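**Q** My structure is below; once you've seen it, I'll send some questions.
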Amino acid sequence: MKQNITVMGSTGSIGTNTLDVLSRHPERFEVFALTASTQVELILSQCAIFKPRFAVMAHEAAGRQLADRVKAEGLTVQVLWGSEALCQVASHPDVHAVMAAIVGAAGLPPCLAAAKAGKRLLLANKEALVVGGEVFLTAVNEGGARLLPIDSEHSAIFQALPEDPKHWASRIDKIILTASGGPFRTREVASLRSVTPEEACAHPNWVMGRKISVDSATMMNKALEVIEARYLFGVSPVQLEVVIHPQSIVHSMVQFKDSSVVAQLGTPDMRVPIAYGLGWPERLASGASSLDFHNLKPMTFEAIDAHDHPERFPGLGLAWEVLKAAPGTSAVLNAANEIAVEAFLEKRIRFDQIHQVNMETLSKVIPAAPQNLADLLALDQRSRAQAAALVQRCMV
């Protein structure tokens, strides 16, 4: 029997790569639903190729536009819009697996809906865990969902661990997340003040969306990944380490209590972790190139002490700080960073002011422990409002 897949965020980098992998295995998978935010023409073309039962846009205007285009093209796709529709296609009884690739906190409600419905949840949305924290994990456990990480780093860790999570705590010494260092790893620190959005989005190894590319340049993506790894693998913050690996061949490592290290290697192609998540526990052809060990360039690793807040990547150390702080603090950091990065991409603040907005928002928004989705969304909105006010103060 074919598996029905909902691809949330189908027009983004993860979404398009997911559809590429699915297209290689038509005998195994059926696209049940596609969702997007604004790219009507792209999702329309995806609908024409994959013929999903549903297509969902985040907002009504784009939804109505897509509905008109679908009708004009004679496609038999039901078009919906809004948060409730996203949750509907994530938790639908006919869906077997959900690729959660909506960027930002907007992906949290449908992720929770899929978790509560017991779906196989392929998690490419960091915010489900960074914002959702214990609320999200409770939904996963109570709903009987299967959580499969898609971030290259977390997929690498998952692949290195025993299949049964019961053995993780007794065997893990530490988890080592690798980071490329982004486009500014060797750039003069003083010059970071004048970085442009175009420079920040020019990642040396990965092709990604603009927001995550900026997060890679600031290393905030690695801070969020540290937080995510804490929840995914149940380790303490002191068991999490980051090392710079510019070649992006070793995607992350697990050091076990006997001091042996297991690493996952591969080309920097997101189709590899996507295929692993779709096929788990089997292995599927991903379409990615294999490593050529005969011509592989030397691999290097560089230490980075996140706890000292180095000037080049000041945001990285915030991961450990928020994990020690009150529950919900990671949601505050995520919201502030989304607002700050958006302002930078719109050239309203400087690159170095992203960290300033994040730090000041953390100092001003003290959360009470969130108990449910409503609490999380209220905290997210309060943090965004505070960050937006700070952006106004430091606009260039």
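The values are calculated or read from the model by the stated rules, or taken from the named source; none is laboratory data. Computed from a prediction, not measured in an experiment: that's the story for all the values here. Please note: Cβ atoms are built from the backbone with ideal geometry, for glycine as well, and neighbour counts cover all protein chains shown. The protein model used for the area step is the full one, side chains on, heavy atoms only, and it has no ligands, DNA or RNA in it. Shrake-Rupley method; radii C 1.70, N 1.55, O 1.52, S 1.80 Å.
**Q** With each run of n ≥ 4 DSSP H residues scored as -39500 (n - 2.57), what mean residue ellipticity at 222 nm is computed for the chain after dividing by its residue count and rounding to the nearest 500 deg cm²/dmol? Write out the running numbers ahead of the final one.
**A** Numbers: 17 runs with 175 residues, N = 396.
Result for the chain: -13000 deg cm²/dmol, rounded to the nearest 500.
**Q** Another one. What share of all Cα pairs of the stretch 1-155, in percent, falls into each consecutive 10 Å distance bin?
**A** 12, 45, 34, 9, 0
**Q** Putting +1 on Lys and Arg Cβ atoms and -1 on Asp and Glu Cβ atoms, find which of ALA275, GLY74, SER180 reaches farthest to the positive end of the dipole of the chain.
**A** GLY74
**Q** To the nearest 10 square angstrom, what accessible area does GLU188 show with a 1.4 Å probe?
**A** GLU188 exposes around 130 Å² with every protein chain in place.
**Q** Then there's this: Answer with one residue from SER13, PHE351, GLN65: the one whose Cα lies farthest towards the positive end of the charge dipole of the chain, charges on Cβ with Lys, Arg +1 and Asp, Glu -1.
**A** The listed residue farthest towards the positive side: GLN65.
**Q** Next question. To the nearest 20 debye, what charge dipole does the chain have about its Cα centre, counting +1 at the Cβ of each Lys and Arg and -1 at the Cβ of each Asp and Glu? Let's see the in-between values first.
**A** Values: 36 positive and 40 negative charges, 80 e Å.
It works out to roughly 380 debye.
**Q** Next question, about the same structure. For ALA72 and ALA48, compute 0.36 nm times the residue count separating them, minus their Cα-Cα distance, and round to one decimal in nm. Mind dumping the intermediate values first?
**A** Working: separation 24, 0.36 × 24 = 8.64 nm, distance 1.19 nm.
That pair, ALA72 and ALA48, stretches by 7.4 nm at full extension.
**Q** At R0 = 35 Å, how high is the FRET efficiency between GLN3 and PHE256 if r is their beta carbon distance? Nearest 0.05 is fine.
**A** 0.60
**Q** In whole percent, and with a 1.4 Å probe on the protein chains, what portion of the accessible area of the stretch 244-294 is carbon and sulfur? Mind showing how you got there, number by number?
**A** Values: 1200 of 2310 Å².
For the stretch 244-294, the apolar C and S fraction of the accessible surface comes to 52 percent.
**Q** Quick one: accessible area per residue over the stretch 63-156, 1.4 Å probe, rounded to a whole number of Å²?
**A** Ligands and nucleic acids excluded, the figure is 36 Å² per residue.
**Q** Order of 331-343, 353-365 by packing, highest average Cβ count within 10 Å first? Numbers along the way, then the final one.
**A** On the way: 331-343: 26.1, 353-365: 20.4.
With the highest mean Cβ count within 10 Å placed first, the list reads 331-343, 353-365.
**Q** Ok, one more. Calculate, in nm to one decimal, what TRP206 and PHE293 gain on full extension: separation in residues at 0.36 nm each, minus their alpha carbon distance.
**A** Working: separation 87, 0.36 × 87 = 31.32 nm, distance 2.01 nm.
Extra length available between TRP206 and PHE293 comes to 29.3 nm.
**Q** Also, quick follow-up: So, for the stretch 349-396, what is the accessible surface per residue at a probe of 1.4 Å, expressed in square angstrom?
**A** In whole numbers, the stretch 349-396 has 50 Å² accessible per residue.
**Q** Find how much the distance from ALA378 to GLU198 grows on full extension, using 0.36 nm per residue of separation minus their present alpha carbon separation; answer in nm with one decimal.
**A** Full extension of this stretch gives 61.5 nm more.
**Q** With only Lys, Arg, Asp and Glu charged, each at its Cβ (+1 for the first two, -1 for the last two), find how big the charge dipole of the stretch 1-113 is about the Cα centre; round to the nearest 20 debye.
**A** 140 debye
**Q** Leaving ligands, DNA and RNA out of it, rank CYS201, CYS47 by accessible area with a 1.4 Å probe, largest first.
**A** Largest to smallest exposure gives the sequence CYS201, CYS47.
**Q** Quick one: putting +1 on the C-beta of Lys and Arg, -1 on the C-beta of Asp and Glu, what dipole do you get for the stretch 156-227 around its Cα centre, in Debye to the nearest 20?
**A** With only Lys, Arg, Asp and Glu charged at Cβ, the dipole is about 120 debye.
**Q** Relative contact order (percent) for the chain, with alpha-carbon contacts under 8 angstrom and 6 or more residues of separation? Write down the numbers at each step before the final one.
**A** On the way: 748 pairs, mean separation 55.8, N = 396.
Relative contact order of the chain: 14 percent.
**Q** Moving on. Let me see the pair-distance distribution of the chain: every alpha carbon pair, 10 Å bin width, integer percents in order.
**A** Here the calculated profile for the chain is 5, 23, 33, 27, 10, 1, 0.
**Q** Now a separate question. Just to verify a number: what accessible area does TYR231 come out at with the full protein assembly present, 1.4 Å probe, Å² rounded to tens?
**A** Ignoring ligands and nucleic acids, TYR231 comes out at about 50 Å².
**Q** Another question, then. How large a share of the accessible area of the stretch 71-124, in percent, is made up of carbon and sulfur atoms when the probe is 1.4 Å and the other protein chains stay in place?
**A** Ligands and nucleic acids excluded, carbon and sulfur reach 51 percent.
**Q** Okay, moving on. Take the cross-link list LYS51/LYS126; LYS2/LYS119; LYS174/LYS222; LYS119/LYS166 and give me the ones stretching past 24 Å between alpha-carbons.
**A** Beyond 24 Å: LYS51/LYS126.
**Q** Among HIS294, THR196, ALA85, flag the residue with its Cα farthest along the positive direction of the charge dipole of the chain, charges on Cβ as +1 for Lys/Arg and -1 for Asp/Glu.
**A** The Cα lying farthest towards the positive end belongs to ALA85.
**Q** So what's the convex hull volume per residue for the Cα atoms of the stretch 44-100, in Å³?
**A** That works out to 80 Å³ per residue.
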